[in-house]
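Before any comments, here is the structure.
The values are calculated or read from the model by the stated rules, or taken from the named source; none is laboratory data. Everything numeric here is computed off the predicted structure, so don't read it as measured data. Here the Cβ positions follow ideal geometry from the backbone for every residue, glycine too, while neighbour counts run over all protein chains shown.
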Amino acid sequence: MKVVMHPKANRDIHPTSSSAIPIHKHMSAGSWWGRSKFENLVFKDFPTLAVADCADNSQHAIGLNVFSSDYVHLTDFVSPTFNNVHDDAVVSIYDSPSAWASIDDCGEFPCTGPNNIVMKFDTVTCLGTAQPEFCSDNTAGFTVTSRMRDSKTSISSKSFEGCVLNEKWNSFLCTGEN
């Protein structure tokens with residue numbers, strides 16, 4: 001049996017060889033046209049951004065895979081709960097590194113996977129003493145989107161109507177129809 005992911009490509013439904021190590025490293029653009037839906041997730045105990053024993057001294061409930069240079073699929077969070085999660089520690093979206101500007105891969109422009117992020121949140125519940133700022137009035141639904149590149153070296157602070165830049169997340173919190 002084959003799984004058709006693209007009209008011109010298919011793969012065996014069960015693995016036929018060992019997985020690459022580390023298993024979180026992308027070996028190809030296997031998520032094209034993908035969409036993830038997470039229901040009833042609980043993000044618990046991210047009461048502060050800083051963590052003393054962490055390599056970069058920070059923690060986030062939601063982040064990107066550092067190997068996602070080309071594409072990160074749309075992500076839907078349905079009925080998530082943020083329990084004791086500080087606003088600064090909700091999400092972290094990194095800018096695509098300038099080193100990703102490779103003639104062999106993405107040309108003179110850095111690959112834009114981290115610049116095309118859309119995470120939709122519907123029916124959010126907030127608990128605990130530390131709560132994200134959106135808990136006060138946007139728990140019905142909102143979207144987090146990444147910042148976009150203006151050029152090879154510049155990241156934009158512009159976004160769509162109804163979106164506000166959150167510097168700690170390096171992304172926008174958007175409400176409304178957009």
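Within the option set 81, 75, being modelled with pLDDT of 90 or more, in contact with a strand residue (DSSP E or B) (Cβ under 9 Å, 6 or more places away or on another chain), within 24 Å of residue 118 (Cα to Cα) and of a type outside the set (Lys, Arg) holds for one residue only, 81.
Here is a yes/no grid of residues against (1) modelled with pLDDT under 80; (2) assigned to a helix (DSSP H, G or I); (3) more than 18 Å from the chain's Cα centre (by Cα):
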{"position": "106", "(1), (2), (3)": "yes, no, yes"}
{"position": "131", "(1), (2), (3)": "no, no, yes"}
{"position": "135", "(1), (2), (3)": "no, yes, yes"}
{"position": "139", "(1), (2), (3)": "yes, no, yes"}
{"position": "142", "(1), (2), (3)": "no, no, no"}
{"position": "145", "(1), (2), (3)": "no, no, no"}
{"position": "151", "(1), (2), (3)": "yes, no, yes"}
